[in-house]
Amino acid sequence: IGKRDPRMPKGPPTIPILGNAHLVPPEGLFKQFRSWAKEYGPVFSLKFGPSNMIVLCDRKAIHALLDKKSNIYSDRPHTYVGQLLTKGDMIALEQMDDHWRLKRKVVAHNFSPKQLDEKHFKVQEAEATMLMADLLNDPKGFYNHIRRYTASVASVLIFGSRGATFDSFWAHGVYDVMSKWTEAMEPGANPPVDEYPLLQWVPLWLAPWKRRAILAGQTMDKVWGEAVNRVQKRRAHGLRRDCITDTLLDEWKDGMPISQHSFNNLVGELVEGAADTTAAQLLTLVMAFAKNPRVQKRAQEEIDKVCGTERFPLWSDFKDIPYINAIVKEGMRWRPVAVTGSPHRVREDDYYQGMLIPKDSTIIVPVWALHHGDEFDDENEFRPERYMGHSKLANDYAGSPDWANRDHYGYGAGRRICPGMHFAERNMWRVTAKLLWAFEFAEPLDPKTGKVISLDPDAYNRGILQAPLPYNVQVTPRSPQHVQTIKREIAAAKEFLKPWEELKD
Ligand code: HEM
């Protein structure tokens, strides 16, 4: 046990029983992947007791395996902690079976480019106007205003209720779930229970990691149970709203093809997928703007030429303001929220360039390590210019056979690639363009000395999803004309969002 099959890709030397388990740092495994790739080659392996992990820090290998052989590379590793947390009901952790296909279809249909560009965009536009209004009224609260925006857009589309302030259940509920979820699931934060199943029998009182997972699951059940209850209560009063949960409840009125718990988690998971990840990337961008006035200036020059001060940038300006797309991509490269991607599992023995990839190996796309490899000059610099040759959206590159030209791996790869990416790309483009059109972002000043307080670009939370820890920036409107234009649009945005106002009990 713990010994590497010599036919497998190379990796760090193993010790009996543990294999490489003793080498996993309690945090920062995502950075360690880069060091190991440099030492053992871009496709390397790790042993955790009897289990195998294959890390693909290599564009060509990702395409050859996850994209081209997705029929065998699209399961998920079994996770005891994930099971404790979700009771098996979570699309992101499920095996590639009929249950997963049914759920994936719901997501793909509701968040297709067509649905987004013909229907949902109006919600995104109106909420983005409200975000600008929030930043005008309370610039210091920008951190939660951005988190409110992403949660509220998702809650409108999914539950038919907006979170007008961060205090609203519809805005903060998802963050209550996610903070517990990401801590409980961080690679390295739990004992290797999947490799040594005996650990499952450690009693609860001796296993804080188990208690943490159960607690995270209880929070999840409570929040999504309440969300669905609120929808059902509203419907019992004859109030049907235009949203995904109502549509599914109508469609499945004669019987659900999944359990109630699975349904609650499915709709909840969509808000989870949408809110925290997108907010993390947007908060990364705001920090990058404050630290890089040059980037803001270049973007604003492009935006001003197209929009002036009289109107906001719109999605229809996408082609005319190419720097915004480059900024969004550079944010995904520089600080990808899913630092180690989401693990896949291979169904059968396979070979890559003569190396054995044993059945049931966990396959990792080490997103942060790929994005900080030697192919990027000054990989620690935030420099959108590196993406100026990539004028398309992420899905165009992910679906292309030209693997060498892929923009980034922030949404994963293969058949499990993020089904919310069309939604995320549009959210990020819209908000980034509008924020830069309206505001200047600068690092904060020390009130006593008047000196600039430099923001720490590495101050991120731990966990499988990493967002900047709360920080301060100065947010200043660019001109009175910009302020006037925002104010002019607020009434129409509020009116549009009225049908999704939160109901009072
Ligand atoms: C910037 C925003 C986002 C990022 C960076 C992101 C990233 C990811 C990644 C890395 C995966 C795993 C892919 C893989 O296994 O290879 C994933 C899966 C998933 N994402 Fe996203 N995501 C984002 C936004 C969204 C949105 C807006 C939604 C929902 C509308 C969503 C829903 C999902 C779901 C349901 C899965 C699981 C798919 C499966 O296992 O089949 N995500 N996402």
Based on this model, can you work out whether Tyr409 counts as of a type in the set (Phe, Trp, Tyr), crowded, with 16+ Cβ neighbours inside 10 Å and not in a helix (DSSP H, G or I)? yes
Which listed residue is part of a strand (DSSP E or B) and surrounded by 19 or more Cβ atoms within 10 Å (Cβ to Cβ), from Met96, Met53: Met53
In region 37-50, which residues are assigned to a helix (DSSP H, G or I) and farther than 14 Å from Met355 by Cα? Ala37, Lys38, Glu39
Mind listing whichever residues of region 13-22 are surrounded by fewer than 18 Cβ atoms within 10 Å (Cβ to Cβ) and either of a type outside the set (A, V, I, L, M, F, W, C) or within 33 Å of the chain's Cα centre (by Cα) (or both)? Pro13, Pro16, His22
Does Leu157 count as at pLDDT 95 or above, under 16 Å from Ile490 (Cα atoms) and among the aliphatic types (A, V, I, L, M)? no
Pairs with Cβ under 7 Å, 6+ apart, first in region 87-99 and farther than 19 Å from Ile214 by Cβ and β-branched (Val, Ile, Thr), second part of a helix (DSSP H, G or I) and within 10 Å of the ligand (Cβ to nearest atom): Ile91/Trp100; Ile91/Lys103; Ile91/Arg104; Ile91/Leu266; Ile91/Glu269
Yes or no: region 423-441 includes at least one residue that is touching a strand residue (DSSP E or B) at 6+ places or on another chain (Cβ under 9 Å), in a loop (DSSP other than H, G, I, E, B) and either away from the ligand (no atom under 16 Å from the Cβ) or farther than 17 Å from Trp315 by Cβ (or both). no
Reported set for region 418-470 where residues are under 14 Å from the mean Cα position of the chain (by Cα) and of a type in the set (Lys, Arg) is Arg426
Any residue at all in region 85-102 that is among the aliphatic types (A, V, I, L, M), within 26 Å of the chain's Cα centre (by Cα) and closer than 19 Å to Trp368 by Cα? no
Of the residues in region 33-50 that are surrounded by fewer than 17 Cβ atoms within 10 Å (Cβ to Cβ) and not small (Gly, Ala, Ser), the one that is nearest to Arg4 (Cα to Cα) is Pro50
When you go through Val107, Val177 one by one, which is the residue that is within 13 Å of the ligand (Cβ to nearest atom), aliphatic (A, V, I, L, M) and part of a helix (DSSP H, G or I)? Val107
On the basis of being farther than 17 Å from Val271 by Cβ, modelled with pLDDT under 95 and away from the ligand (no atom under 15 Å from the Cβ), does Pro139 make the cut? no
Output for region 293-316, where each listed residue is in contact (Cβ under 8 Å) with a residue 60 or more places away in the chain and surrounded by 18 or more Cβ atoms within 10 Å (Cβ to Cβ): Val295, Gln296, Ala299, Ile303, Cys307, Phe312, Pro313
Given (1) buried (at least 22 other Cβ atoms within 10 Å of the Cβ); (2) more than 18 Å from the chain's Cα centre (by Cα), number of the condition Asp320 does not satisfy: (1)
Given the criterion more than 24 Å from Arg462 (Cβ to Cβ), in contact with a Leu (Cβ under 9 Å, 6 or more places away or on another chain) and within 16 Å of the ligand (Cβ to nearest atom), identify the matching residue among Arg59, Arg76, Arg101. Arg59
Quick check: anything in region 127-145 touching a Gly at 6+ places or on another chain (Cβ under 6 Å) and hydroxyl-bearing (Ser, Thr, Tyr)? no
Okay, strands (runs of 3 or more DSSP E) sitting entirely in region 302-377 with 2 or more residues that are touching a Leu at 6+ places or on another chain (Cβ under 9 Å) and within 13 Å of the ligand (Cβ to nearest atom), I get 362-364
Residues of region 257-270 being more than 8 Å from the ligand (Cβ to nearest atom) and either more than 13 Å from Lys87 (Cα to Cα) or in a helix (DSSP H, G or I) (or both), which ones? Pro257, Ile258, Gln260, His261, Ser262, Phe263, Asn264, Asn265, Leu266, Val267, Gly268
Could you check Ala21 against (1) more than 23 Å from Gly414 (Cα to Cα); (2) within 15 Å of the ligand (Cβ to nearest atom); (3) of a type in the set (A, V, I, L, M, F, W, C) and say which number it fails? (2)
Within the bounds of region 355-373, is there any residue that is modelled with pLDDT under 95 and either touching a Phe, Trp or Tyr at 6+ places or on another chain (Cβ under 8 Å) or not aliphatic (A, V, I, L, M) (or both)? yes
Over region 363-379, the set of residues touching a residue at least 12 places away in the same chain (Cβ under 8 Å) and surrounded by fewer than 21 Cβ atoms within 10 Å (Cβ to Cβ) is His372, Gly373, Phe376
Going by the structure shown, is Leu116 touching a residue at least 12 places away in the same chain (Cβ under 8 Å), more than 11 Å from the ligand (Cβ to nearest atom) and either surrounded by 20 or more Cβ atoms within 10 Å (Cβ to Cβ) or within 21 Å of Asp221 (Cβ to Cβ) (or both)? no
Boolean, Arg34 is modelled with pLDDT of 95 or more, among the charged types (D, E, K, R) and assigned to a loop (DSSP other than H, G, I, E, B): no
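The values are calculated or read from the model by the stated rules, or taken from the named source; none is laboratory data. Predicted model, so just to flag it, every value in this text is computed and none were measured. Reconstructed Cβ throughout: ideal geometry from the backbone, glycine too, with neighbour counts over all protein chains shown.
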